Amino acid sequence: MPEWTTLGKVLIGIGLGIVALGVLLVVVERIPGFANVFSWLGKLPGDISIKRDNFSFYFPIATSIVLSILLSLLFYLVGWLFRR
């Protein structure tokens, strides 16, 4: 049973991280001067956006690639720091 306890703690940590990120995104929008910090998110060249009369399709492929690279670097650095 100890492995389930560890998994539970990891899931709680991930959930708290998601909540913290959500609060950060809401609060940043209300601070003057920081409202446009994330305005580039989803509007990069390469993001596919199709709008018709009764239909809209959006696929943020360039944003996904940029976020993937940034998260990969972040996780690499965190892993490197914990190995020291």
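Look through the range 1-32, keep the residues that are open to solvent by 80 Å² or more (accessible area, probe 1.4 Å) and assigned to a loop (DSSP other than H, G, I, E, B), and return whichever of them is farthest from residue 67 (Cα to Cα).
Filtering first and then ranking leaves 1.
Give the residue that is farthest from residue 42 (Cα to Cα), with candidates limited to residues of the range 57-69 that are under 16 Å from the mean Cα position of the chain (by Cα) and open to solvent by 90 Å² or more (accessible area, probe 1.4 Å).
Within the range 57-69, the subset under 16 Å from the mean Cα position of the chain (by Cα) is 59-69.
So of that shortlist, the ones also open to solvent by 90 Å² or more (accessible area, probe 1.4 Å) come out as 59, 65, 69.
Working: 59: 9, 65: 11, 69: 15 Å.
In this case the residue turns out to be 69.
With respect to residue 76, determine if the residue is open to solvent by 90 Å² or more (accessible area, probe 1.4 Å) and either assigned to a strand (DSSP E or B) or touching a residue at least 12 places away in the same chain (Cβ under 8 Å) (or both).
Values: open to solvent by 90 Å² or more (accessible area, probe 1.4 Å): yes; either assigned to a strand (DSSP E or B) or touching a residue at least 12 places away in the same chain (Cβ under 8 Å) (or both): no.
Here the answer is no, as residue 76 does not meet what is asked.
Residues checked against (1) at pLDDT 80 or above; (2) outside the structural domain of residue 65 (by the TED database); (3) of a type outside the set (S, T, N, Q):
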site: 4; (1), (2), (3): no, yes, yes
site: 7; (1), (2), (3): yes, yes, yes
site: 12; (1), (2), (3): yes, yes, yes
site: 19; (1), (2), (3): yes, yes, yes
site: 26; (1), (2), (3): yes, yes, yes
site: 35; (1), (2), (3): no, yes, yes
site: 51; (1), (2), (3): yes, no, yes
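So which residues in the range 33-44 are within 25 Å of residue 59 (Cα to Cα) and surrounded by 10 or more Cβ atoms within 10 Å (Cβ to Cβ)?
So in the range 33-44, the residues within 25 Å of residue 59 (Cα to Cα) come out as 35-44.
Result: 35, 37, 38, 40, 41, 42, 43, 44.
The values are calculated or read from the model by the stated rules, or taken from the named source; none is laboratory data. This one's a predicted model, so the numbers in the text were calculated from it and none came from an experiment. Note that we place each Cβ from the backbone using ideal geometry, even for glycine, and neighbour counts take in every protein chain shown. Side chains included, ligands, DNA and RNA excluded: accessible areas come from the protein's heavy atoms. Shrake-Rupley method; radii C 1.70, N 1.55, O 1.52, S 1.80 Å.
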